[in-house]
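The values are calculated or read from the model by the stated rules, or taken from the named source; none is laboratory data. Owing to the predicted nature of the structure, the values given are computational and were not obtained by experimental measurement. Note that each Cβ is placed from the backbone with ideal geometry, even for glycine, and that neighbours are counted across all protein chains shown. For accessibility, only protein heavy atoms count, side chains too; no ligands or nucleic acids. Shrake-Rupley method; radii C 1.70, N 1.55, O 1.52, S 1.80 Å.
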Amino acid sequence: RDQAISVLLVQQSPNYEFRFLKSLLDRARQPGAPDKPTFTLTSILLEGDPRYADQDKSAERLLPVSFDQLSRFDVIILGDLGAGQIGSTTLQSIERLVNQQGSGLMVIAGNSDSYAILSSSSLQRLLPTEPPGKRSTTTSIDTKSTSSPMTFRWQLSPLGMTAPPLQLESDPLRNQSLWQQLPPMHWFIDVGQPKPGSLVWVNHYDFGETSASRPLLIAQYFGKGRVVLQATDETFQWSSHFGNDLYYQ
């Protein structure tokens, strides 16, 4: 669309995923219109230096709480958050925003403990997976907390192969080839089993005895809006891999 997309990006501390994503959202421009930004970004670091908001034009000190304060955002992106850093009033406002206004919510889960807090809050109704504790198997797949040297690439599901956000190229074979050329990742977390009706776009496959799959990118519609859950915070490795940020964006 012609109008810039208004984005709220919230993170506890400035990890690499936050830094690269914030930089991309700040500088992205409309195709063929270098003077028109694609996004209008507001970023909040809940444990950042207070001077950060003074030095960065897209940064604010305090997290919006009420529905009226949040209603100006088309998309809210929540990274890893600590216990009690986002209150129940804000969570209720986010739910109303997605359900009634049709705004989008994306959750980037890079830490098991932080995600467990978020998934046990009232936000669970919006998430496209059941809490990890409801999984029938107890196998741990949080490779971030282990010394496993294994790496993996995103495996697009049949739904993911046709999902508009995952089309790096219009040609299906070229698109699939590019996904296999992107740098591999080292960790992801267990975000639980997909809820009925959810859209699993990307999987991680355990090629052991069970050949089980775990969702890496999964979405669901909630009211008028859509919620997307990403089970890793390593997509920053795709930035400038081919010499520019085209595919990362």
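Leaving out ligands, DNA and RNA, and with a 1.4 Å probe, what % of the accessible surface on the chain is carbon or sulfur?
With neighbouring chains kept in place, the figure for the chain is 52 percent.
In the full protein assembly as shown, how much of D54 is accessible to a 1.4 Å probe, in Å² to the nearest 10?
Probe radius 1.4 Å; accessible area of D54 about 110 Å².
With n ≥ 4 as the cut-off for DSSP H runs, can you work out [θ] at 222 nm for the chain, using -39500 (n - 2.57) per run divided by the number of residues, rounded to the nearest 500?
-5000 deg cm²/dmol
Is region 16-55 best put as rounded, prolate or oblate by its Cα gyration tensor, with a ≥ b ≥ c the root eigenvalues, rounded for a/c under 1.5, and otherwise prolate when a/b is larger than b/c, oblate when not?
Note, shape of region 16-55 comes out prolate.
Determine ³J(HN,Hα), in whole Hz, for all residues of region 55-65 in sequence, where each value follows from phi through the Karplus function 6.51 cos²θ - 1.76 cosθ + 1.60 and θ = phi - 60°; x replaces Gly and Pro.
The phi angles translate into 9, 10, 5, 8, 8, 10, 7, 10, 6, x, 10 Hz.
Counting Lys +1, Arg +1, Asp -1, Glu -1, what net charge surrounds R29 among other residues with beta carbon under 12 Å of its beta carbon?
In short, -1.
Send over a whole-number figure in Å² for the accessible area per residue of the chain, probe 1.4 Å.
51
With both partners inside the chain, how many of the DSSP beta bridges are antiparallel, as a percent to the nearest 5?
45
Using a 1.4 Å probe and ignoring any ligands, DNA or RNA, find the accessible area of W238 and quote it in Å² to the nearest 10.
30
Using a 10 angstrom cutoff on alpha carbons, build the Gaussian network for the chain and name the most mobile of E17, E47, E234.
Top of the fluctuation ranking is E47.
If S6, S240 are ordered by their accessible area, calculated over protein heavy atoms with a 1.4 Å probe, which sequence runs from highest to lowest?
Largest accessible area first, the list is S240, S6.
When semi-axes √(5λ) of the Cα gyration tensor in Å is calculated directly from the model, which label among [x] 46, 21, 16; [y] 27, 23, 18; [z] 44, 21, 20 fits?
Read-out from the structure maps to [y].
Given C-alpha coordinates of region 25-123, what is the ratio Rg to Rh with the Kirkwood estimate of Rh?
With Rg and the Kirkwood Rh in hand, the quotient comes to 0.99.
Sorted by accessible area with a 1.4 angstrom probe, largest first, how do K36, K195, K224 fall?
The most accessible residue leads, giving K224, K36, K195.
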